[in-house]
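The values are calculated or read from the model by the stated rules, or taken from the named source; none is laboratory data. Being a predicted model, the structure only gives us computed values, none of them experimental. Here the Cβ positions follow ideal geometry from the backbone for every residue, glycine too, while neighbour counts run over all protein chains shown. These area figures cover heavy atoms from the full protein model, side chains too; ligands, DNA and RNA do not enter into them. Shrake-Rupley method; radii C 1.70, N 1.55, O 1.52, S 1.80 Å.
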Amino acid sequence: MGIKLYYTTVTASREVKAQQAEVMRILESKNINFELIDISVGGAVRDEMRTKSGNPTAVPPQIFNEDQYCGNYEMFSEAVETDTVEQFLKLV
């Protein structure tokens, strides 16, 4: 596939829910295919996300191109503002 979005379906945080929804909406609006990986299915998936991102306390959403770490919500949002989403996602 390519772009992988680590997210969670189980969170009490409105902020995390809103950030996840915004990332999905923007990717869809740019016709960028992505795979959703739900970290709430088990600790192993959450640990995988944290290991791959190099941050032991990382929270969703976290974005990867295959196994290459692209960044978190704040980094994605900055790429949207500067119109560099494709570069951020390592698509070009």
Can you list which of the GluC sites (Glu not before Pro) found in region 45-92 are DSSP loop residues with at most 14 other C-beta atoms within 10 Å? E66
Within region 1-31, list the residues whose amide N lies under 18 Å from a label point set 7 Å along Cα→Cβ of V41. 1-11
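Within the accessible area of region 1-48, what % is carbon and sulfur when the probe is 1.4 Å and the other protein chains stay in place?
Answer for region 1-48 is 47 percent, counting heavy atoms of protein chains only.
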Have a look at S77, S29, S53 and tell me which one the Gaussian network model of the chain (Cα, springs below 10 Å) gives the largest fluctuation. S29
With every protein chain kept in place and ligands, DNA and RNA left out, what is the accessible area per residue of the chain? Probe 1.4 Å, answer in Å². 58
Rounded to the nearest 10 degrees, what's the angle between the helix 43-53 long axis and the longest principal axis of the chain, both from Cα atoms, 0 to 90? 40
Taking every DSSP bridge whose two residues both lie in the chain, the antiparallel percent to the nearest 5 is 60
Of K52, K4, ordered by accessible area with the largest first and a 1.4 Å probe, the sequence is K52, K4
Cα gyration tensor shape for region 14-65, rounded if a/c is under 1.5, else prolate or oblate: prolate
With +1 at each Lys and Arg Cβ and -1 at each Asp and Glu Cβ, the charge dipole magnitude of the chain around its Cα centre, to the nearest 20 debye, comes out at 220
